[in-house]
Amino acid sequence: MIWEVVTFRDITKRKQLEKEITHLAYYDHLTDLPNRVLLDYFLNQEIEKAKLTGQKLAVLYLDLDRFKIINDSLGHSYGDILLKKVADRISQYMPDHAFVSRQGGDEFTVVLPGFDSLAELMDLVDCLVDSFTDPFVLKGNEVHIKASIGISAFPEDGETAEVLIKNADAAMYKSKEKSGT
């Protein structure tokens with residue numbers, strides 16, 4: 001007589017845990033937007049596509065003006081709610097093919113692959129800036145906040161993810177200086 005032994009193991013919980021760990025590695029825990037690790041991967045992929053196709057690619061670096069005042073005056077729980085609402089608003093005003101991520105703190109990055117013209121890009125940025133004229137409602141309190149935005153474009157302002165992000169960040173700081181924030 002031949003005996004066969006078959007062992008079954010339910011790995012559903014392990015697979016779910018692996019999925020959760022992967023999500024934590026690539027997404028911001030507060031806003032659920034992609035984090036810097038995923039941004040770097042995506043941007044490098046889009047740069048390679050742009051090199052092959054000759055399409056334009058822009059990186060927007062966005063920083064909330066006077067965010068520290070919200071945290072200091074209302075508390076960090078209000079700051080967290082504001083960051084979530086800002087993430088939603090940015091995502092709402094960007095086209096479907098845009099990649100919106102949170103760098104950390106009150107900084108966000110948007111990758112816009114395949115825009116047709118500088119005028120189209122500027123219209124999109126103006127629309128995003130205008131979206132900040134509407135207040136954010138935090139636990140019944142209206143909060144007005146603005147954002148400074150810096151822009152870099154491939155290949156004019158850099159040919160690597162690191163350089164494009166650095167140049168967009170530098171442009172954002174110039175924008176802050178001009179507005180006095």
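Filter segment 168-181 for residues that are open to solvent by less than 100 Å² (accessible area, probe 1.4 Å) and in contact (Cβ under 8 Å) with a residue 24 or more places away in the chain and give the result. Break it down stepwise before answering.
First, pick out the residues of segment 168-181 that are open to solvent by less than 100 Å² (accessible area, probe 1.4 Å): 168-172, 175-176, 179-181.
If the condition is that a residue be open to solvent by less than 100 Å² (accessible area, probe 1.4 Å) and in contact (Cβ under 8 Å) with a residue 24 or more places away in the chain, then Ala168, Asp169, Ala171, Met172, Ser175, Lys176, Ser179, Thr181 are the ones that fit.
The sole residue among Glu142, Glu159 that is without any contact (Cβ under 8 Å) to a residue 12 or more places away in the chain, on the phi < 0 side of the Ramachandran plot and open to solvent by 70 Å² or more (accessible area, probe 1.4 Å) is Glu142. Checked against (1) within 30 Å of Gly54 (Cβ to Cβ); (2) of a type in the set (S, T, N, Q); (3) surrounded by 18 or more Cβ atoms within 10 Å (Cβ to Cβ), Ser148 passes all but a single condition, namely (1). Filtering segment 86-98 for residues that are crowded, with 16+ Cβ neighbours inside 10 Å, in contact with a Leu (Cβ under 7 Å, 6 or more places away or on another chain) and charged (D, E, K, R) leaves an empty set.
Could we say that Asp40 is open to solvent by 60 Å² or more (accessible area, probe 1.4 Å), touching a residue at least 60 places away in the same chain (Cβ under 8 Å), closer than 21 Å to Ala161 by Cα and in contact with a helix residue (DSSP H, G or I) (Cβ under 7 Å, 6 or more places away or on another chain) here? In short, yes.
Restricting Asp80, Asp106, Asp116 to residues that are touching a residue at least 40 places away in the same chain (Cβ under 8 Å), of a type in the set (D, E, K, R) and in contact with a strand residue (DSSP E or B) (Cβ under 9 Å, 6 or more places away or on another chain) narrows the list to Asp106. For first residues located in segment 11-33 and loosely packed, with under 11 Cβ neighbours inside 10 Å, partners that are part of a loop (DSSP other than H, G, I, E, B) and at pLDDT 90 or above and lie 6+ apart or on another chain with Cβ distances below 9 Å form the pairs Ala25/Asn35; His29/Asn35. Selection within segment 12-53: residues that are of a type in the set (S, T, N, Q) and assigned to a helix (DSSP H, G or I). The member of this set that is farthest from Arg102 (Cα to Cα) is Thr12. Given the residues Val110, Val125, Val137, which is the only one that is over 18 Å from the mean Cα position of the chain (by Cα), among the hydrophobic types (A, V, I, L, M, F, W, C) and either in a strand (DSSP E or B) or modelled with pLDDT of 90 or more (or both)? Val137 is the lone residue from the list that is over 18 Å from the mean Cα position of the chain (by Cα), among the hydrophobic types (A, V, I, L, M, F, W, C) and either in a strand (DSSP E or B) or modelled with pLDDT of 90 or more (or both).
The values are calculated or read from the model by the stated rules, or taken from the named source; none is laboratory data. For clarity, every value in this text was computed on a predicted model and none was experimentally measured. No Cβ is skipped: glycine too gets one built from the backbone with ideal geometry, and neighbour counts run over all protein chains shown. To get the accessible areas, we keep the full protein, side chains included, count just its heavy atoms, and leave off ligands, DNA and RNA. Shrake-Rupley method; radii C 1.70, N 1.55, O 1.52, S 1.80 Å.
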